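Data block below; observations after.
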Amino acid sequence: MQTKEAAKKRVITTRKDTKAHKKSSTLKIITHCEALGIDSKILSSCLAVNPKTIQRWREGIAEPGESALRSLEKLETVYQLAARLLGKDSWKAWFHSPNQTLGEESPVDLLSRGEVDHVKNVLGMLEWGIYS
């Protein structure tokens, strides 16, 4: 049977591990967004946070809340789809070019308004061979 002290120590260790994982995951996603040409201003609009908040996440001073984490995970999905479908040579151009399926707006325009799902859907269309 475990002692209360051992159980408490395990809970604290688990929280630290989760916190470290959340931070590294957040930093990775922010880096992936930057690789797509999504700067802090666009990212902050997409996540509905202040650009300084993103800087605090980078520095480890603050952590994203649940809503921001969900949005970051959606952005990571967009990044993974773009990497697989478009390749590193053309993804930046695709994200910054007007797209007919998006009403002649660029995917970055939609991301800046928080319309991550719309961009993800267009990438999904590309994945299925539907012209977009």
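Laboratory data are not the source of any read-out in this text; all were calculated from the coordinates shown. Model, not experiment: these values are computed from the prediction. Glycine also receives a Cβ, built like all others from the backbone with ideal geometry; neighbour counts cover every protein chain displayed.
Annotations for the structure displayed:
- Pair list, Cβ under 6 Å, 6 or more apart: region 113-128 residue touching a residue at least 12 places away in the same chain (Cβ under 8 Å) and closer than 12 Å to ALA82 by Cα, other residue part of a helix (DSSP H, G or I) and not hydrophobic (A, V, I, L, M, F, W, C): VAL119/PRO107; VAL122/THR101
- Check on GLU76, farther than 19 Å from ALA35 by Cα and either of a type outside the set (Ser, Thr, Tyr) or out of contact with any Pro (no Cβ under 8 Å at 6 or more places or on another chain) (or both): no
- When SER67, SER90 are checked against the criterion of being over 23 Å from SER25 (Cα atoms), among the small types (Gly, Ala, Ser) and surrounded by fewer than 17 Cβ atoms within 10 Å (Cβ to Cβ), a single residue qualifies: SER90.
- Helices (runs of 4 or more DSSP H) contained entirely in region 58-132, each with at least 2 residues that are β-branched (Val, Ile, Thr) and under 12 Å from the mean Cα position of the chain (by Cα): 66-86
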